[in-house]
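Q: Dropping the structure in here first, questions after.
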Amino acid sequence: MNCLYGIYGASGCGRSLMPVAVEQLKRDNLYRQSQIVFIDDALEENKQVNGYTAMNYTQFKATEAKDKKVLIAIANSGIRKKIADKLAEDNITMWSVLADSTIIMDAVEIKEGAALSPFVTIGANVSIGKCFHANLYSYVEHDCVIGDYVTFAPRVNCNGNIHIHDYAYIGTGAVIKQGTSDKPLIIGKGAIVGMGAVVTKDVPAGAIVIGNPAKPLVK
C-alpha cells in the first residue's frame, strides 16, 4: 500500500474523527491506494471498530507501507504531547484532518496534527500551534494566537485578539470576550475554561474558571 493512516484513539474522539479523515482522503483522491486504521494501545490483537481495523501501536509500526501518518484523536493534551513525541522518535508524520465544512480564512497558519471537526471556522490572521483540536461548531476569530496542544470542546466561541497558551482546555459552549490588538485577552498555559463559561478577563496559567462571568473554581 502507498500509505497507512492511523487515527490514534478508538474512543469517542477517534470514532467521531474517523469519518472526517476518510472524507478527507476521498477528497484528496488517496482513499483507494491507502489504508486507514484505529490505533489503540489497550488492544493485544486486532479487532473491528465501526467497520475499521483497530490495532495497537506496535502492530501499526510493524505494518508495511511506503509512508505512515497519524492523527492523534485524544482530548487529553498531555497524552497528545507524549504520543507526538513518540511519533517523532519513530519518524512517523503527524497528520492534520479537517472536515469539508471547515472554513479557513486568509493568512492563517496551522501547524501539524490539527483536528478540525465539521462546521469549524478559523478567521483571518490566526496562528495555531501543534495538535490543535477544535470540535463541532467551534470558531477562532481574527488575530488570535493559539499555542500547542490546545483543545476546544464543541461550540467554543473564541473571539478576536485572544491568545491561548499551550495545553489549555476550553469547555463546551464557552464564550471568550474579544481582546484588542494592543491588549489581547490571555488564557494561560494549562488553564481550563469550564462548560458554558463567559470569559471577560485574563485567565492565569493553570487556573480553572467557571460561570458567567467566569471566576476561579473554589475547591
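Q: Scan region 197-210 and report the pairs whose first residue is over 18 Å from D166 (Cα atoms) and whose second residue is basic (K, R) and open to solvent by 50 Å² or more (accessible area, probe 1.4 Å), with Cβ atoms within less than 6 Å and a gap of 6+ or a chain change.
A: The qualifying pairs are T200/K177.
Q: Residues that are open to solvent by 80 Å² or more (accessible area, probe 1.4 Å) and part of a helix (DSSP H, G or I): does region 32-41 have at least one?
A: Narrowing region 32-41 to residues open to solvent by 80 Å² or more (accessible area, probe 1.4 Å): 32, 41.
So of that shortlist, the ones also part of a helix (DSSP H, G or I) come out as none.
Checked region 32-41: no residue is open to solvent by 80 Å² or more (accessible area, probe 1.4 Å) and part of a helix (DSSP H, G or I).
Q: Say we look at region 155-196 and pick out the residues that are among the polar types (S, T, N, Q) and either touching a residue at least 24 places away in the same chain (Cβ under 8 Å) or not in a loop (DSSP other than H, G, I, E, B) (or both); which of these is nearest to I74 (Cα to Cα)? Reasoning before the result, please.
A: Filtering region 155-196 down to residues among the polar types (S, T, N, Q) leaves 157, 159, 161, 172, 178, 180-181.
Imposing the further condition that a residue be either touching a residue at least 24 places away in the same chain (Cβ under 8 Å) or not in a loop (DSSP other than H, G, I, E, B) (or both) reduces the set to 157, 161, 172, 178, 181.
Values: N157: 21, N161: 27, T172: 16, Q178: 28, S181: 33 Å.
Only one residue tops the list, namely T172.
Q: Mind listing just one residue for me: the one in region 197-216 that is open to solvent by 80 Å² or more (accessible area, probe 1.4 Å) and in a loop (DSSP other than H, G, I, E, B) and, of those, farthest from A124 (Cα to Cα)?
A: Only one residue fits best here, namely N212.
Q: Something else: Pairs, please: C-beta under 8 Å, at least 6 apart or cross-chain, first residue more than 16 Å from I7 (Cα to Cα) and in region 23-43, second of a type in the set (A, V, I, L, M, F, W, C) and assigned to a loop (DSSP other than H, G, I, E, B)?
A: Q33/M1
Q: Can you pull out every residue in region 46-62 that is surrounded by 14 or more Cβ atoms within 10 Å (Cβ to Cβ), in contact (Cβ under 8 Å) with a residue 24 or more places away in the chain and under 12 Å from I36 (Cβ atoms)?
A: Answer for region 46-62, where residues must be surrounded by 14 or more Cβ atoms within 10 Å (Cβ to Cβ), in contact (Cβ under 8 Å) with a residue 24 or more places away in the chain and under 12 Å from I36 (Cβ atoms): V49, Y52, A54, F60.
Q: Looking at this structure, is A88 aliphatic (A, V, I, L, M) and surrounded by fewer than 16 Cβ atoms within 10 Å (Cβ to Cβ)?
A: The answer is yes for A88.
Q: Hey, can you tell me all the residues within region 186-195 that are open to solvent by 40 Å² or more (accessible area, probe 1.4 Å) and either over 13 Å from H163 (Cα atoms) or of a type in the set (G, A, S) (or both)?
A: I192, M195
Q: Take region 97-120 and flag every residue that is surrounded by 18 or more Cβ atoms within 10 Å (Cβ to Cβ) and among the small types (G, A, S).
A: Those that are surrounded by 18 or more Cβ atoms within 10 Å (Cβ to Cβ) and among the small types (G, A, S): A99, G113, A114, A115, S117.
Q: Turning to a different aspect of this structure: Please go through (1) at pLDDT below 95; (2) not in a loop (DSSP other than H, G, I, E, B) for K69 and return the number of the only condition it doesn't satisfy.
A: Here K69 meets the rest and fails (1).
Q: Right, something else. Among the residues of region 4-13, is there at least one that is in a helix (DSSP H, G or I), over 30 Å from G190 (Cα atoms), modelled with pLDDT of 95 or more and open to solvent by less than 20 Å² (accessible area, probe 1.4 Å)?
A: Kept after step one, since they are in a helix (DSSP H, G or I), are these residues of region 4-13: 12-13.
Keeping just the survivors that are over 30 Å from G190 (Cα atoms) gives none.
No, every residue in region 4-13 fails to be in a helix (DSSP H, G or I), over 30 Å from G190 (Cα atoms), modelled with pLDDT of 95 or more and open to solvent by less than 20 Å² (accessible area, probe 1.4 Å).
Q: If you check A75, A62, A42, A88, which single one turns out to be touching a His at 6+ places or on another chain (Cβ under 8 Å) and at negative phi?
A: Details: A62 fails: touching a His at 6+ places or on another chain (Cβ under 8 Å); A42 fails: touching a His at 6+ places or on another chain (Cβ under 8 Å); A88 fails: touching a His at 6+ places or on another chain (Cβ under 8 Å).
Answer to the selection: A75.
The values are calculated or read from the model by the stated rules, or taken from the named source; none is laboratory data. Computed from a prediction, not measured in an experiment: that's the story for all the values here. Don't worry about glycine lacking a Cβ; one is built from the backbone with ideal geometry, like all the others, and counts go over all protein chains shown. Note: accessible area is taken over every heavy atom of the protein model, side chains too, but ligands, DNA and RNA are not part of it. Shrake-Rupley method; radii C 1.70, N 1.55, O 1.52, S 1.80 Å.
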